[in-house]
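Quick notes on the structure that follows.
The values are calculated or read from the model by the stated rules, or taken from the named source; none is laboratory data. Just so you know, these numbers come straight off a predicted model, no measurement behind them. Note that each Cβ is placed from the backbone with ideal geometry, even for glycine, and that neighbours are counted across all protein chains shown. Surface accessibility is based on the protein's heavy atoms, side chains included, excluding ligands, DNA and RNA. Shrake-Rupley method; radii C 1.70, N 1.55, O 1.52, S 1.80 Å.
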Amino acid sequence: MKKFEYVITDGLGIHARPAGLLVKAAKALDSAVTVEKSGGKSADATRLMAVMGLGVKGGDTVIVTIEGGNEEASAAAMEAFFKENL
């Protein structure tokens, strides 16, 4: 299992467009990806409505967990995604 924390820099947070991109990126991986908002709410990163339901705003910190498959490559891909898009 790999984990990393990321502070959302997009002022609007994880809204429809970046959430859709996140779901697409997560589905392309052979690992299970979970996004957790501080406070304990978490969502499977391949489920659009679940990700949007977290209510992540700009400045919030999320914990991304990657399990199974090629965890190293998947974690690197997710970190790169978050830095480029969120």
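How tilted is helix 71-85 with respect to the longest principal axis of the chain? Cα atoms for both, answer in degrees (0 to 90, nearest 10).
For 71-85 against the chain, the angle is about 30 degrees.
If you fit an axis through the alpha-carbon atoms of helix 16-27 and take the longest principal axis of the Cα set of the chain, what angle between them do you get, 0 to 90°, nearest 10?
Tilt of helix 16-27: around 10 degrees.
May I ask for the Kirkwood hydrodynamic radius of region 3-49, worked out over all distinct Cα pairs and given in angstroms to one decimal?
11.4 Å
With every protein chain kept in place and ligands, DNA and RNA left out, what is the accessible area per residue of region 1-55? Probe 1.4 Å, answer in Å².
Accessible surface, normalised per residue, equals 57 Å².
Roughly how big is the chain's charge dipole about its Cα centre, with Cβ charges of +1 (Lys, Arg) and -1 (Asp, Glu), in debye to the nearest 20?
With only Lys, Arg, Asp and Glu charged at Cβ, the dipole is about 320 debye.
Take the eigenvalues of the Cα gyration tensor for the chain, scale each by 5, and report the square roots as semi-axes in whole Å, largest first.
18, 13, 12
Given an 8 Å cut-off on Cα distances and at least 6 residues of separation, report the relative contact order of the chain as a percent.
That works out to 45 percent.
Given the DSSP H assignment, sum -39500 (n - 2.57) over each helix run of at least 4 residues in the chain and divide by its residue total; what's the result at 222 nm in deg cm²/dmol, nearest 500?
So the calculated ellipticity at 222 nm is -11500 deg cm²/dmol.
Less than 11 Å Cβ to Cβ from A75, Lys/Arg counted +1 and Asp/Glu -1: what total charge do the surrounding residues give?
Overall, the nearby charge balance is -2.
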